[in-house]
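Let me begin by presenting the structure, written as structure tokens, before commenting on it.
The values are calculated or read from the model by the stated rules, or taken from the named source; none is laboratory data. All values reported here derive from a predicted model rather than from experimental measurement. In this analysis, Cβ positions are derived from the backbone assuming ideal geometry, glycine residues included, and neighbour counts consider all displayed protein chains.
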């Protein structure tokens, strides 16, 4: 089972098997999530209908961090076991992580304007997420700065591992410092502070973000593998 995620040949077989189910899950979860978010979920007593931005903002934030965590794991695997598949994964998913981070920042600004009276503040959470976006951009272009592709990929992997220190900063910044950004509303699954009527659309939209993220990642990784085979 593990070989699927480290062996290019086995991964292609896996990709061919899961692409259609992921398309189906993405479409269904998006439609249902949208209905629940727009029509079933109630307005917040303080934020009104603005709270619905949460159903895009929160999942995109989670996926932005999760993508970087996955890249960190594959960077360690690539460097420790000298397997090129880790480099392939990082190259394929970095733009996806950057996109999720941009969506998080953009929707956060839309959400923050009516709540804080400004589009942006140099808050610890916002700044660390903005830094994550910059890191993604550097990763995308870093390996292109050298004519030696292998060296560029190794440098990129080392950079990813070093930058992973930002992940706990993003996660715990609202606990470590006094920030405008609210604390985590779902720190405990058993007793979240968010209303149950809002949990359902948030959960469904998270499924959509995960499935569409996986779908795009798998397609890009497969394309990257096939492209490298042509070069070889």
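One line per residue, one yes/no per condition, for (1) surrounded by 18 or more Cβ atoms within 10 Å (Cβ to Cβ); (2) under 27 Å from residue 224 (Cβ atoms):
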| position | (1), (2) |
| --- | --- |
| 104 | yes, yes |
| 107 | yes, no |
| 112 | yes, no |
| 115 | no, no |
| 132 | yes, yes |
| 139 | yes, yes |
Problem set entry | Exclusive hit being part of a helix (DSSP H, G or I), at pLDDT 95 or above and either surrounded by 17 or more Cβ atoms within 10 Å (Cβ to Cβ) or more than 22 Å from the chain's Cα centre (by Cα) (or both), set 225, 216, 162 | 216
For this session: Among the residues of region 6-20, count how many are farther than 24 Å from residue 81 by Cβ and in contact with a helix residue (DSSP H, G or I) (Cβ under 9 Å, 6 or more places away or on another chain).
Result: 3
Exercise. Within region 50-58, can one find any residue that is over 20 Å from the mean Cα position of the chain (by Cα), in contact (Cβ under 8 Å) with a residue 24 or more places away in the chain, over 23 Å from residue 9 (Cα atoms) and not in a loop (DSSP other than H, G, I, E, B)?
Worked result: yes
For this session: Return yes or no: is residue 109 assigned to a helix (DSSP H, G or I) and free of Cβ contacts under 8 Å to residues at least 24 places away in the same chain?
Result: yes
Exercise. Can you pull out the residues in region 165-205 that are within 17 Å of residue 128 (Cβ to Cβ) and either modelled with pLDDT of 80 or more or not in a loop (DSSP other than H, G, I, E, B) (or both)?
Worked result: 165, 166, 167, 168, 169, 170, 171, 172, 173, 174, 175, 176
Seminar exercise, completed: In region 121-159, residues that are in a loop (DSSP other than H, G, I, E, B) and more than 22 Å from residue 89 (Cα to Cα) total 3
For this session: Looking only at region 23-40, decide whether some residue is within 27 Å of residue 82 (Cβ to Cβ), in contact with a helix residue (DSSP H, G or I) (Cβ under 6 Å, 6 or more places away or on another chain) and part of a helix (DSSP H, G or I).
Result: no
